Amino acid sequence: MAASNQKGAAAIAANANAPPLLDLTIDNITPNTIRINSQSNNARLTYVMARLVTHLHDFARETRLSTDEWMASLQFLIACGQICSDVRNEFILLSDVLGLSLLVDNINHPKPPLGTEGSVLGPFHTHDAPVLANGSSMTSDPDGEPMLAVCTVKDTQGKPIAGVTIDIWETDSSGHYDVQHADRDAPSERCVMVSDDQGRFWFKGLKPVSYPIPHDGPVGKLLERLNRHCWRPAHVHFMFSKDGWDKLVTALYLRGDPYETSDAVFGVKQSLVIDLDKVDKETAEKYGVQEGSWLLKHDFVLTTQEETEKLRDQLAVEALEKLGLRLKLVDHLPVPDLD
């Protein structure tokens with residue numbers, strides 16, 4: 001009981017300078033909420049919370065948000081959480097369909113002209129993909145169209161990068177990721193590889209197919225209400241990691257796909273749209289695949305962490321100046337400039 005009283009007294013002392021929260025109105029609730037949230041010693045947290053409250057409150061005022069709509073929104077978020085699992089993240093899916101995922105990636109991982117552009121991670125990346133040697137098959141689907149992928153990883157000067165960890169995943173021929181199958185007992189259509197001393201990696205997979213994002217949950221119902229389709233164009237996901245290099249999350253999309261220009265999660269960029277070739281006799285013999293099967297060839301270009309941070313800071317300063325905000329960068333993130 002004494003310990004509880006001590007904690008209560010400490011809390012009162014800590015908030016001695018807090019503003020009195022009485023008689024709050026439509027007009028003064030926002031500045032008062034910001035003031036009460038501004039007692040942290042973390043300048044970035046204080047700034048982010050202030051902007052969040054400002055935009056959230058402005059949204060409610062501008063739309064004259066009704067009580068029913070407010071409650072429906074909360075129930076929607078609850079439903080998103082309830083359908084999440086270890087292999088399905090409805091909140092990432094929500095972020096994707098609202099365009100937020102791509103926006104955040106573009107802000108945090110800008111690319112110079114020669115760098116490979118990023119794309120969305122998506123909700124079905126897992127951490128249990130097997131590490132396979134170059135040339136291995138990552139698929140157990142007998143119904144898909146076989147595809148050989150032969151790729152390189154280089155820097156912006158064209159020099160190969162050895163020892164890059166590459167996470168690769170795609171759907172099976174039915175347009176489903178392995179984790180969407182109830183009888184999944186092992187990873188399939190996904191693997192982890194490492195680039196060799198010439199920056200090369202190659203694997204056997206499937207020609208990707210178009211597929212719908214999961215639409216049996218709240219995000220799917222939202223798209224239906226918005227009269228939007230739930231389809232993604234055919235693609236293969238790639239994620240590149242190595243110390244000292246900016247992490248790249250991207251995908252390659254097949255040209256001519258019916259959803260190429262209307263991806264439900266806004267992931268397609270022109271530089272990531274590719275054409276597949278066919279495996280000729282020489283390539284078939286070299287890689288041990290069937291002549292005439294599909295061939296994906298691509299050169300990925302990574303940027304160093306230093307290159308990316310420099311460009312990110314430059315773009316941040318320019319964007320903040322256009323918004324008329326007096327901010328400074330601390331650890332590459334904007335905070336109020338009070339000096």
Going by the structure shown, is Asn89 under 21 Å from the mean Cα position of the chain (by Cα) and either surrounded by fewer than 16 Cβ atoms within 10 Å (Cβ to Cβ) or among the hydroxyl-bearing types (Ser, Thr, Tyr) (or both)? no
Filter region 176-208 down to the residues that are among the acidic types (Asp, Glu) and either modelled with pLDDT of 95 or more or crowded, with 18+ Cβ neighbours inside 10 Å (or both) and list them by number. Asp178, Glu189, Asp196, Asp197
When only residues in region 119-135 that are modelled with pLDDT of 95 or more and touching a Pro at 6+ places or on another chain (Cβ under 9 Å) count, which is surrounded by the most Cβ atoms within 10 Å (Cβ to Cβ)? Ala129
Before we move on, is Lys221 more than 22 Å from Asn106 (Cβ to Cβ), of a type in the set (D, E, K, R) and either outside the structural domain of Gly115 (by TED's automatic domain parsing) or buried (at least 17 other Cβ atoms within 10 Å of the Cβ) (or both)? no
Please work out which one of (1) basic (Lys, Arg); (2) surrounded by fewer than 18 Cβ atoms within 10 Å (Cβ to Cβ); (3) more than 23 Å from Thr139 (Cβ to Cβ); (4) touching a strand residue (DSSP E or B) at 6+ places or on another chain (Cβ under 9 Å) is the condition Arg255 fails and give its number. (3)
Among the residues of region 259-313, count how many are among the acidic types (Asp, Glu), in contact with a Lys or Arg (Cβ under 7 Å, 6 or more places away or on another chain) and without any contact (Cβ under 8 Å) to a residue 24 or more places away in the chain. 3
Given the conditions (1) farther than 29 Å from Asp196 by Cα; (2) touching a His at 6+ places or on another chain (Cβ under 6 Å); (3) of a type in the set (A, V, I, L, M, F, W, C), which single one is not true for Ala251? (1)
Quick count over region 159-207, residues being under 21 Å from Arg232 (Cβ atoms), in contact (Cβ under 8 Å) with a residue 12 or more places away in the chain and either basic (Lys, Arg) or not assigned by TED's automatic domain parsing to the domain that holds Leu132 (or both), is 2
Exactly one condition in (1) farther than 30 Å from Tyr47 by Cα; (2) loosely packed, with under 15 Cβ neighbours inside 10 Å; (3) among the acidic types (Asp, Glu) is not met by Glu318; state its number. (1)
Return yes or no: is Ala149 exposed (fewer than 14 other Cβ atoms within 10 Å of the Cβ), closer than 26 Å to Phe124 by Cβ and aliphatic (A, V, I, L, M)? no
Those residues of region 38-60 which are without any contact (Cβ under 8 Å) to a residue 40 or more places away in the chain and of a type in the set (A, V, I, L, M, F, W, C) amount to Leu45, Val48, Met49, Ala50, Leu52, Val53, Leu56, Phe59, Ala60
Starting from region 90-106, keep only residues that are in contact (Cβ under 8 Å) with a residue 40 or more places away in the chain, then list their pairs with residues that are part of a helix (DSSP H, G or I) and β-branched (Val, Ile, Thr) whose Cβ atoms are within a distance under 8 Å, requiring at least 6 positions of separation or different chains. Glu90/Ile83; Glu90/Val219; Leu93/Val219; Leu94/Val219; Val97/Val219; Ser101/Ile92
Only one of Gly256, Gly267, Gly292 is assigned by TED's automatic domain parsing to the domain that holds Val209, under 27 Å from Ser173 (Cβ atoms) and touching a Leu at 6+ places or on another chain (Cβ under 9 Å). Can you tell me which? Gly267
Matching residues in region 107-122 (more than 18 Å from His298 (Cβ to Cβ) and of a type outside the set (A, V, I, L, M)) number 5
Could you say which residue among Ser101, Ser40 is among the polar types (S, T, N, Q) and surrounded by fewer than 18 Cβ atoms within 10 Å (Cβ to Cβ)? Ser40
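The values are calculated or read from the model by the stated rules, or taken from the named source; none is laboratory data. As the structure is a computational prediction, the values presented were derived from the model and not from experiment. Neighbour counts are summed over all protein chains in view; Cβ atoms, including those assigned to glycine, are modelled from backbone coordinates with ideal geometry.
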